[in-house]
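These notes concern the structure reproduced below.
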Amino acid sequence: MSDQARHRAPEDAAGPMVRAENVHKAFGHVKVLRGIDVTVPRGNVCVVLGPSGSGKSTFLRCINHLEKIDAGRIWVDGKLVGYQQKGDKLYELHDKAVAAQRREIGMVFQRFNLFPHMCALENVMEAPTQVKGQSKAEARRRGIELLDRVGLAEKARNYPSQLSGGQQQRVAIARALAMDPKLMLFDEPTSALDPELVGDVLDAMKDLARSGMTMVVVTHEIGFAREVGDQLIFMDDGVVVESGTPRDVLANPQHPRTRDFLSKVL
Amino acid sequence: MTIPDTSATPVPRDAEPIKAIPVRHPGRWVAIAVIAVLAAMFAHLLLTNSAFQWKFMLQNMFRPPVLWGLFGTVSITILAMIIGVVLGVVVAIARLSNNPILRGTSWAYTWFFRAVPRYVLLIVMGNLGILWPRLEIGVPFDTYLGELFGVQAHWRLFGIETRDLLVGFWVGVLGLALSEAAYMAEIVRAGMLSVDPGQDEAATALGMSRGQALRRVVLPQAMRVIIPPTGNETIAMLKDTSLLIAVPVTRELFFQLSAIGNRTFQVFPMLIAAILWYLFLVSILLVGQYFLEKRFSRGYGRAAQAKMKLEGLAAEHGANPEVP
Ligand SMILES: Nc1ncnc2c1ncn2[C@@H]1O[C@H](COP(=O)(O)OP(=O)(O)OP(=O)(O)O)[C@@H](O)[C@H]1O
Ligand SMILES: [Mg+2]
């Protein structure tokens, strides 16, 4: 343990929250990721842009090991995701260890994926009580606090079917935050929402970004990228075509494919 | 051209209710007459033939051995369904696991128990005592292994006489439960597959284990698909207890009624008594089924409800439940 701690200490303190190195992923013959390199420093918001099918969701799912990568390495908080390096040998981690890694990484989905048989508060309490063994009382107190933070304290007893899309997505954000993650992944969190509901969700995310959370956000909301993004990467066909600060990339795209894409969404 | 005045609020007006002469349906009256005559003819058949022996039937269908058998039938139905459902859930989870050995084994299980007719299965189980008079737990192939190494090997932990283990009642329960588990496994699997994969994914992303995700997230949502056909399975199970005469199981309704019929040479009245008892028991289950279906098909359209009903009836017939 002390040995491990010594190895990790410098990375933990100062290293990036996410480091992806030459990540490859194929589904059968379809090569979806073909060498992704991304580094997200602590407290930064990294916005991922790219056309449909470019591999954005797949990359996000690799970060919390929902997908197994074929080649390359991903580290979160200095720890290799899904594997353990001992000498020059790489060992697959046991399911339990992978689950433990996922606890520290929150994820928000395009289609919310709230548990429909539980009310909003139960959705938020579920993982802390089941996974962390938190007491019901403690989880409830924290759950109400988090729902309040996303502006939904009075909807705590509503079931997902009784909530609007925007409210559901904010509950989903509260649910992910209840595990006290170090990193939050967002996969097009506002794409399934009616336009007038997008603002509330983006506000909750901006609030989260200002509180210092490290975030990787796949989105087409250019305004959000410009306002809170520290870094923007543009993916196409499984590779990062262009990256930089949102201001630079959006104002002055270098690559023709980025220019082409931006001309369509702006 | 005039512009409609949108500033005025509309005022509700009174309307005259429609008073029309309803359409006549002469065909209905003809149908009623035909059915009434047929019903009278049927009643004539039942009441004038002395072979029915209604009085004898009424005297015998409530006798203590019959009620004892009735209680056995109900208990076997409940026990076989409980074991069948639990085992079915286990087989379904194994079927959907990542482990190829579990997947293969559970597939073979459902294949075998769906292929063998219940009646045949029950006869075979009733005769297992002939094959292995004594059942023992120990090292497999011990005597052969011993020969291989030149030692006398009889490595057994404990044993039991098969006759003691396979007393009718429990053979019946076990046989029906094993067979039921195969059908329940298919139903549960279909239910689990009907749950949006995003649910499992969200649970996994929160750090839940596979077991937690199944127990807390997937299975509760699969219930609305699983419960209605399970009602049909229970009805089918109740009727299939009459097959236990093959084992034989004595603590069973049909066995007791047949026994009285054979002893007194009044076979037919007792068969009618059996029909009446089954009508009574199934009617109770049908009432429960009605409320379950109402509760669990909420939110489905009429077409989907009809489809569920058909699948359930197919299951009740012992046909393969449809799996998406
Ligand atoms: N489980 C899977 N099996 C097979 N192919 C897959 C799977 N998941 C994704 N793909 C394929 O991988 C490619 C990239 O998918 P991905 O979802 O990562 O794209 P995306 O950039 O998120 O697109 P979108 O903007 O439409 O969400 C697509 O061609 C998709 O069909
Ligand atoms: Mg996507």
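The values are calculated or read from the model by the stated rules, or taken from the named source; none is laboratory data. No experiment lies behind these values; they were computed from the predicted model shown. Positions of Cβ are generated from backbone atoms using ideal geometry, with glycine treated the same way; all protein chains shown enter the neighbour counts. Protein only, heavy atoms only, side chains kept; ligands, DNA and RNA dropped before computing areas. Shrake-Rupley method; radii C 1.70, N 1.55, O 1.52, S 1.80 Å.
Name the residues in segment A:46-55 that are in contact with a Gly (Cβ under 6 Å, 6 or more places away or on another chain) and either under 18 Å from A:LEU266 (Cβ atoms) or more than 8 Å from ligand 1 (Cβ to nearest atom) (or both), would you? Write out each step before concluding.
First, the residues of segment A:46-55 that are in contact with a Gly (Cβ under 6 Å, 6 or more places away or on another chain): A:47, A:55.
The one that is in contact with a Gly (Cβ under 6 Å, 6 or more places away or on another chain) and either under 18 Å from A:LEU266 (Cβ atoms) or more than 8 Å from ligand 1 (Cβ to nearest atom) (or both): A:VAL47.
Taking the stated definitions as given, is A:GLY43 away from chain B (no Cβ under 14 Å) and either within 16 Å of ligand 1 (Cβ to nearest atom) or assigned to a strand (DSSP E or B) (or both)? Steps first, please.
On the way: away from chain B (no Cβ under 14 Å): yes; either within 16 Å of ligand 1 (Cβ to nearest atom) or assigned to a strand (DSSP E or B) (or both): no.
So A:GLY43 does not fit the description; no.
Quick one: which residue in A:VAL201, A:VAL249 is open to solvent by less than 70 Å² (accessible area, probe 1.4 Å) and either charged (D, E, K, R) or in contact with a Gly (Cβ under 6 Å, 6 or more places away or on another chain) (or both)?
Numbers: A:VAL249 fails: either charged (D, E, K, R) or in contact with a Gly (Cβ under 6 Å, 6 or more places away or on another chain) (or both).
Exactly one of A:VAL201, A:VAL249 is open to solvent by less than 70 Å² (accessible area, probe 1.4 Å) and either charged (D, E, K, R) or in contact with a Gly (Cβ under 6 Å, 6 or more places away or on another chain) (or both), namely A:VAL201.
I'd like to know if segment A:46-55 contains one or more residues that are open to solvent by 20 Å² or more (accessible area, probe 1.4 Å) and not in a loop (DSSP other than H, G, I, E, B).
Looking only at segment A:46-55, we keep the residues that are open to solvent by 20 Å² or more (accessible area, probe 1.4 Å), and these are A:51-53.
Filter once more, so that each one left must be not in a loop (DSSP other than H, G, I, E, B): none.
No, there is no match, as no residue in segment A:46-55 is open to solvent by 20 Å² or more (accessible area, probe 1.4 Å) and not in a loop (DSSP other than H, G, I, E, B).
If you go through segment A:109-135 one residue at a time, how many are within 8 Å of chain B (Cβ to nearest Cβ), in a loop (DSSP other than H, G, I, E, B) and not basic (Lys, Arg)?
Residues that pass the stated criteria total 7.
Across segment A:56-81, what is the number of residues that are part of a strand (DSSP E or B) and either within 12 Å of ligand 1 (Cβ to nearest atom) or without any contact (Cβ under 8 Å) to a residue 12 or more places away in the chain (or both)? Please lay out each step first, then the result.
First, the residues of segment A:56-81 that are part of a strand (DSSP E or B): A:71-76, A:79-80.
Narrowing the set further to residues that are either within 12 Å of ligand 1 (Cβ to nearest atom) or without any contact (Cβ under 8 Å) to a residue 12 or more places away in the chain (or both) leaves A:80.
So the answer is 1.
Going by the structure shown, is A:GLY143 out of contact with any strand residue (DSSP E or B) (no Cβ under 6 Å at 6 or more places or on another chain) and either surrounded by 18 or more Cβ atoms within 10 Å (Cβ to Cβ) or not in a helix (DSSP H, G or I) (or both)? Steps first, answer last, please.
Values: out of contact with any strand residue (DSSP E or B) (no Cβ under 6 Å at 6 or more places or on another chain): yes; either surrounded by 18 or more Cβ atoms within 10 Å (Cβ to Cβ) or not in a helix (DSSP H, G or I) (or both): yes.
Taking the combined requirement at face value, the residue satisfies it.
Please go through segment B:242-284 and pick out each residue that is within 19 Å of the chain's Cα centre (by Cα), of a type outside the set (A, V, I, L, M, F, W, C) and open to solvent by 50 Å² or more (accessible area, probe 1.4 Å).
Within segment B:242-284, B:SER283 is the sole residue that qualifies.
Could you please let me know if A:GLY151 is within 14 Å of another protein chain (Cβ to nearest Cβ) and on the phi > 0 side of the Ramachandran plot?
So A:GLY151 does not fit the description; no.
Mind listing whichever residues of segment B:179-199 are part of a helix (DSSP H, G or I), surrounded by fewer than 22 Cβ atoms within 10 Å (Cβ to Cβ) and within 14 Å of chain A (Cβ to nearest Cβ)?
Of everything in segment B:179-199, those that are part of a helix (DSSP H, G or I), surrounded by fewer than 22 Cβ atoms within 10 Å (Cβ to Cβ) and within 14 Å of chain A (Cβ to nearest Cβ) turn out to be B:PRO197, B:GLY198, B:GLN199.
Quick check on my filter: what residues within segment A:227-240 are in contact (Cβ under 8 Å) with a residue 60 or more places away in the chain and either in contact with a Ser or Thr (Cβ under 7 Å, 6 or more places away or on another chain) or not in a strand (DSSP E or B) (or both)? Don't jump to the end; show me each part of the working.
Step one: of segment A:227-240, the residues in contact (Cβ under 8 Å) with a residue 60 or more places away in the chain are A:228-240.
Matches in segment A:227-240: A:VAL228, A:GLY229, A:ASP230, A:GLN231, A:LEU232, A:ILE233, A:PHE234, A:MET235, A:ASP236, A:ASP237, A:GLY238.
Taking into account only those residues within segment A:206-221 that are within 16 Å of ligand 1 (Cβ to nearest atom) and touching a residue at least 60 places away in the same chain (Cβ under 8 Å), which is most open to solvent (accessible area, probe 1.4 Å)?
Step one: of segment A:206-221, the residues within 16 Å of ligand 1 (Cβ to nearest atom) are A:216-221.
Within this subset, residues satisfying the condition of being touching a residue at least 60 places away in the same chain (Cβ under 8 Å) are A:216-220.
Numbers: A:VAL216: 3, A:VAL217: 1, A:VAL218: 1, A:THR219: 5, A:HIS220: 74 Å².
Once the filter is applied, the top-ranked residue is A:HIS220.
Within segment B:15-26, is there a residue that is without any contact (Cβ under 8 Å) to a residue 24 or more places away in the chain, loosely packed, with under 14 Cβ neighbours inside 10 Å and outside any loop (DSSP other than H, G, I, E, B)?
At the first step, the residues of segment B:15-26 found to be without any contact (Cβ under 8 Å) to a residue 24 or more places away in the chain are B:15-26.
Still in the running and loosely packed, with under 14 Cβ neighbours inside 10 Å: B:15-26.
Still in the running and outside any loop (DSSP other than H, G, I, E, B): B:26.
Yes, there is a match, as at least one residue in segment B:15-26 is without any contact (Cβ under 8 Å) to a residue 24 or more places away in the chain, loosely packed, with under 14 Cβ neighbours inside 10 Å and outside any loop (DSSP other than H, G, I, E, B).
Starting from segment A:167-195, keep only residues that are more than 8 Å from A:GLY106 (Cα to Cα) and open to solvent by 10 Å² or more (accessible area, probe 1.4 Å), then list their pairs with residues that are in a helix (DSSP H, G or I) and hydroxyl-bearing (Ser, Thr, Tyr) whose Cβ atoms are within a distance under 6 Å, requiring at least 6 positions of separation or different chains.
Listed by first residue and then by second, the contacts come to A:ASP187/A:SER57.
Output the number of the condition that A:LYS89 fails; it satisfies all remaining conditions of (1) more than 16 Å from ligand 1 (Cβ to nearest atom); (2) surrounded by 14 or more Cβ atoms within 10 Å (Cβ to Cβ).
Result: A:LYS89 passes all but (2).
Quick one: how many residues across segment A:82-108 are farther than 23 Å from A:GLY55 by Cα and in a strand (DSSP E or B)?
Matching residues across segment A:82-108 total 7.
In segment A:13-67, what count of residues is obtained for those that are farther than 17 Å from A:VAL108 by Cβ and aromatic (Phe, Trp, Tyr)?
Result for segment A:13-67: 1.
Give the residues of segment A:52-70 that are more than 14 Å from chain B (Cβ to nearest Cβ), within 16 Å of ligand 2 (Cβ to nearest atom) and out of contact with any Asp or Glu (no Cβ under 6 Å at 6 or more places or on another chain), sorted by residue number.
So the first thing to find is which residues in segment A:52-70 are more than 14 Å from chain B (Cβ to nearest Cβ), and the list is A:52-56, A:59, A:69-70.
Checking which are within 16 Å of ligand 2 (Cβ to nearest atom) leaves us with A:52-56, A:59.
Listed by number, the residues that qualify are A:SER52, A:GLY53, A:GLY55, A:LYS56, A:PHE59.
Going through A:ALA120, A:ALA99 one at a time, which residue ends up being closer than 21 Å to A:ARG170 by Cβ, more than 16 Å from ligand 1 (Cβ to nearest atom) and not basic (Lys, Arg)? Quick ask: steps written out before the conclusion?
Details: A:ALA99 fails: closer than 21 Å to A:ARG170 by Cβ.
Selected residue: A:ALA120, the only one of A:ALA120, A:ALA99 that is closer than 21 Å to A:ARG170 by Cβ, more than 16 Å from ligand 1 (Cβ to nearest atom) and not basic (Lys, Arg).
For segment A:22-39, give me the residue count where each residue is closer than 14 Å to A:VAL240 by Cα and either near ligand 1 (Cβ under 8 Å from one of its atoms) or of a type in the set (A, V, I, L, M) (or both).
5
In segment A:165-205, how many residues are away from every other protein chain (no Cβ under 14 Å) and more than 16 Å from ligand 1 (Cβ to nearest atom)?
Looking only at that region, the number is 16.
Quick one: in segment A:164-220, which of the residues that are of a type in the set (S, T, N, Q) and closer than 24 Å to A:LEU66 by Cα is nearest to ligand 2 (Cβ to nearest atom)?
Out of the qualifying residues, it is A:SER191.
Could you give every pair whose Cβ atoms fall below 6 Å, whose first residue belongs to segment B:54-81 and is β-branched (Val, Ile, Thr), and whose second residue is open to solvent by 20 Å² or more (accessible area, probe 1.4 Å), counting only separations of at least 6 or pairs across chains?
B:VAL66/B:GLN256
Exactly one of these conditions fails for A:ILE105: (1) without any contact (Cβ under 8 Å) to a residue 12 or more places away in the chain; (2) open to solvent by less than 20 Å² (accessible area, probe 1.4 Å). Give me its number.
If we test A:ILE105 against (1) without any contact (Cβ under 8 Å) to a residue 12 or more places away in the chain; (2) open to solvent by less than 20 Å² (accessible area, probe 1.4 Å), just (1) comes out false.
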